[in-house]
Amino acid sequence: MVFILNTCYSPDDACDVYAYQLAASLIGHGQQVALIHPGKVHKNKKQVALQKKGLLFFHLGEQHYSPFFLFRQKLKGYLNWHVLDTEYDRHEIYRHNQRLWTLAHLLKAHRPARVLIAQGCSLTGLDYAYICRQLQISYSLFCHQVNEQKMVLPQERFFMQQAIDGAQQIYFASTSVQHAAASQLDYSATEPAVFFTPLQSPSRSLPMPETNGELHLLCMGRMDIFDNRPDLLIHLMALEKWRNRPLYLSFLGEGPNWEGLKELCAFYRLDKVTFLPPSYGLLKALEGHHALVLAAREGAYPMEAIEAISKCRMVIATDVGLIREWVSDGITGFLGESSLESLDATWERAWSQSELWPTMAQKGYEHFRHKYKDSAFQQAMEAL
Amino acid sequence: MVCIVSCIEEDWGGSEELWARALPYLGQQGPISIVKEHIPLAHPLWQAFAHSGIDLVELEDKYGTFYHLFWQARQACGFAQDFQVHLWNFKKLLKRKKPNMVVISQGINFDGLAYAEACLKRRIPYILVCQKVVDFHWPKDVERKTMQKSLLGARKIFFVSEHNRRMTEMQFATVLPHAVMVHNPVKVGRRVLPYPAIDGEVRLLCLARLFMLDKGQDMLLQVLSKEKWRRRGLRVDFVGQGADELPLKQMAAEYCPDQVAFLGSYNDIEALWANYHALILPSRSEGMPLSAQEAMALGRPVLCTNVGGNAELVQDGIQGFVGSADITGIDQMLERAWARKADWEEMGRAAHQRIKDFVPPHPEKIFAQHVLQLMADTRLTKVRGAVRRKDFSKSLNESSAQEN
């Protein structure tokens, strides 16, 4: 059995998508797979489809345990007993972390042959990796991003370095992420081990739709205002100058703020903003729009941008995460910062060069074809 | 009786000053209860409340480990998933004390709406105080309808800035006709302190909680790491405490070790300002920052981002400089300020005048008057309602007597 541990709480981000793709690929190779999520999630279509093929699904919350087990764990914790009699448990960080001892319980019960830890940030999965090391279960790490603002605390450094050293393989979303992680965690990086999240639909050079004097922009992804700031795009569209221009914006996705965004549009009385149902389809949406726009405040692996670039669409986005590895400002797209003023200036630059969008999209597509390795995912699977 | 609910998790904060200073005025109407999840009696101000006879009510679970385990076990069995012990205790408090008015002092604009919902369900009048709005922190869709009702059900909603009111209306997509502006009291004396000479080193003070997500110190450090700012004689000292103290110190050590220092907490703000030329606030979100009001009251210009009520308080180029809340915006704002550093002393005097014009001398008194007026209106409404019901029943009895 193989465990895939997704350490990110947000559904539909790169880490989550990658975890499901790993699961689908391993199930396709005849492996028994269990997918573990850090918190309780609502069932989604991907999960249901894979469960029909034999995927087991766990989450590291407390809901699936009996009250007697919980009572015993709480009692142990309150009486400061060692939960697993391991070195980590004596450390304050781990003693009361329920998710860690829940994972330990699952690992002991199922004894998987390998644990694959899909991390959004290089630090998020290392606690879980340490548990695997203590229980002598082999594991591999997939790291999408390094969050430079999150520093490694001195008391955590030892455990995290032990977790890194004990990994069978470590993969990174890019060489820059690999170097940044090595610097942050003070370990020596060996040869590059870069992986690419498989595309949701194959890359192809979609013809640009006719403009007819109008430009249609698409924002796709998780409609979560805290990280992705789709509200900024609505505030932008509400500005007088953008209201008066033949510019249209569509949203495609789902998220905890979907209804709030619709209500904001109604509050502003915007008639040039459309909300597409999730069933609309990524390819159909990109076919009908001239460019992708994003306003994320934080980001890691720019999955939506890569999907758009792989279909020959130009990207106007904020400079977060790894976007610069895929979009060159002024050449294959436009980059700004996640504030209304900066996005306004960025959109203004893009607007003034709208006749160059097809050329920029084509350059972006060629860069994608040069950089993206379809085979990287398969190689990672074979190595596992 | 007035019940004041303090929603912040910390022991004390700037958001508590308004209701705390209004207590002597509110006490005129009768007893006061202050309610908080956990009452930090080790804090001197809370000790002072306890000694003054104010009823302090703690909403945390009082029944100890066994009770806590009982509720954990219930939830593990699938019951009472949404149970929160502090809300349950608050509802019991409302039933027991039946306050005439509940003042819910929130840290942001919807962190206390669960208490408001409890008041609404029991038809207990309440007012909301919103000290800040975070542009990128919205309520989830599943909570919106309930929160909208709680917002609209308040007798009044007090905001500290127009931006906060507008943003709340946008977040909830509803106009708030009962919104009122209120100021927080300025804790320092309103006098222009002697301005230190700018002779080689320009010293900026960043007086804010060390919490990057709100206060944006990480953006400032990234700006200061640029070569041009390293070469200029610019120094920034951070005063405050917070969850991000260690990562910020590590970031400063890596980006700009010679220009930056972390001084911890300071009680004597006036003495602190004697050595600094201006306040810098690179915030991502604000209400109406107290540190800016204090700096301006003492004759110091403010360099800030255009979030919250900053741009309402600080007029760009007059009492300070305002830039957008991103790295480029902060950099450009600092450049403009640097180019005009010879004018900072004059701007500081203009800032002092601005505070005199903008913030009334006793905003807590105005706030208390609002609350007392609302309580009086509520009593009048109840009396009128009773009279109408009495008149109706009297006329009903008369007509029955006539028929008989």
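Throughout, read-outs are computed from the coordinates displayed, never taken from laboratory work. These numbers come from a predicted model, not from an experiment. As a convention, Cβ positions derive from the backbone with ideal geometry for all residues, glycine included, and neighbour counts pool all protein chains shown.
Efficiency by 1/(1 + (r/R0)^6): what FRET value for B:ARG190 and A:GLU214, r their Cβ-Cβ distance, R0 = 56 Å, to the nearest 0.05?
Here the calculated transfer efficiency is 0.50.
Per residue of the range B:125-130, in order, report the coupling 6.51 cos²θ - 1.76 cosθ + 1.60 (Karplus, θ = phi - 60°) as ³J(HN,Hα) in whole Hz, putting x for Gly and Pro.
Once θ is set to phi - 60°, the couplings for the range B:125-130 become x, 8, 10, 10, 10, 10 Hz.
Take every Cα-Cα pair in chain B and report what % of them are more than 26 Å apart.
For chain B, the fraction of Cα-Cα distances above 26 Å is 59 percent.
Once you place label points 7 Å from the Cα toward the Cβ at A:ALA266 and B:LEU56, how far apart are they in nm?
4.6 nm
Computed FRET efficiency, Cβ-Cβ of B:GLU254 and A:THR175, R0 35 Å: what is it to the nearest 0.05?
Efficiency, from the Cβ-Cβ distance: 0.95.
When only C-alpha pairs under 8 Å and at least 6 residues apart count, what is the relative contact order of the range A:215-371, in percent?
Computed over the range A:215-371, the figure is 23 percent.
Taking every residue in B:166-173, how many Cβ atoms of other protein chains lie within 10 Å of its Cβ, on average?
What the average comes to for B:166-173 is 4.
Along the charge dipole of chain B, which of B:TYR25, B:MET347, B:ALA274 sits closest to the positive end, that is, farthest toward it, with unit charges on the beta carbon of Lys, Arg, Asp and Glu (+1, +1, -1, -1)?
Checked the options; the winner is B:TYR25.
For the range B:195-348, what log10 I(q)/I(0) values come out of the Debye formula at q = 0.17 1/Å, with one point per alpha carbon and no solvent?
Evaluating at q = 0.17 Å⁻¹ gives log10 I(q)/I(0) of -0.92.
Which residues' amide hydrogens lie under 5 Å from the amide hydrogen of B:ILE34, considering only partners 5 or more residues apart or on another chain, with H built in the peptide plane?
B:ILE4, B:ASP55, B:LEU56, B:VAL57
With +1 on each Lys and Arg Cβ and -1 on each Asp and Glu Cβ, how big is the dipole of the range A:215-371 about its Cα centre, in debye rounded to the nearest 20?
Value, rounded to 20: 420 debye.
Could you work out how much longer the chain between B:LEU263 and B:VAL180 gets when fully extended? Use 0.36 nm per residue separation minus the Cα distance between them, nm to one decimal.
Answer, rounded to one decimal: 26.2 nm.
Most fluctuating residue of B:HIS43, B:HIS362, B:HIS183 in a GNM of chain B with Cα springs under 10 Å: which is it?
B:HIS43
Taking a threshold of 24 Å on the Cα-Cα distance, which of the pairs A:LYS311/A:LYS373; A:LYS241/B:LYS341; B:LYS228/B:LYS341; A:LYS272/B:LYS215; A:LYS373/B:LYS226 fall above it?
A:LYS241/B:LYS341; A:LYS272/B:LYS215; A:LYS373/B:LYS226
Grab the beta carbon distance between A:LYS53 and A:GLN168, set R0 = 25 Å, and tell me the FRET efficiency rounded to 0.05.
0.45
Long-range amide H contacts for A:ILE316: which residues qualify at under 5 Å (H placed 1.01 Å from N, peptide plane, sequence gap of 5 or more or a different chain)?
When sequence neighbours closer than 5 places are left aside, the close amide H contacts are A:LEU292, A:VAL293, A:LEU294, A:PHE334.
All other residues with a Cβ under 14 Å from the Cβ of A:ILE27 taken together, and with Lys, Arg as +1 and Asp, Glu as -1, what is their net charge?
Result for the local shell: +3.
About the Cα centre of the range B:202-356, what is the dipole size in debye to 20, counting +1 per Lys and Arg Cβ and -1 per Asp and Glu Cβ, all else neutral?
The dipole magnitude comes to about 380 debye.
Sticking with the crude label model, points 7 Å out along Cα→Cβ, report the distance from B:ILE366 to B:ASP316 in nm, one decimal please.
With each label point 7 Å from Cα toward Cβ, the separation is 2.6 nm.
When only Cα pairs under 8 Å and 6 or more residues apart are kept, what is the percent relative contact order across chain B?
Value for chain B: 15 percent.
Suppose every Lys and Arg Cβ carries +1 and every Asp and Glu Cβ carries -1, with no other charges. What dipole size does chain B come out with about its Cα centre, to the nearest 20 debye?
1660 debye
Considering amide H positions built from the backbone, and no H for Pro or chain starts, which residues 5 or more places from B:MET181, or on another chain, come under 5 Å of its amide H?
Residues meeting the amide H criterion: B:PHE159.
Please report the spacing between the Cα centers of the range B:343-362 and the range B:99-132 in Å, no decimals.
First find each Cα centre; the distance between them is then 33 Å.
Given the range A:215-371 reduced to its alpha-carbon atoms as identical point scatterers, what log10 I(q)/I(0) does the Debye formula return at q = 0.18 Å⁻¹?
-1.07
State, to one decimal in nm, how far the label point of A:PHE275 lies from the label point of B:ASP199, with both points 7 Å from Cα in the Cβ direction.
Taking the simple label geometry, A:PHE275 and B:ASP199 are separated by 6.3 nm.
What's the center-to-center distance, using Cα atoms, between the range A:266-310 and the range A:230-264 in Å?
11 Å
Which of the listed residues, B:PRO363, B:VAL260, B:ILE54, is farthest toward the dipole's positive end in chain B, when Lys, Arg count +1 and Asp, Glu count -1 at the beta-carbon?
B:ILE54
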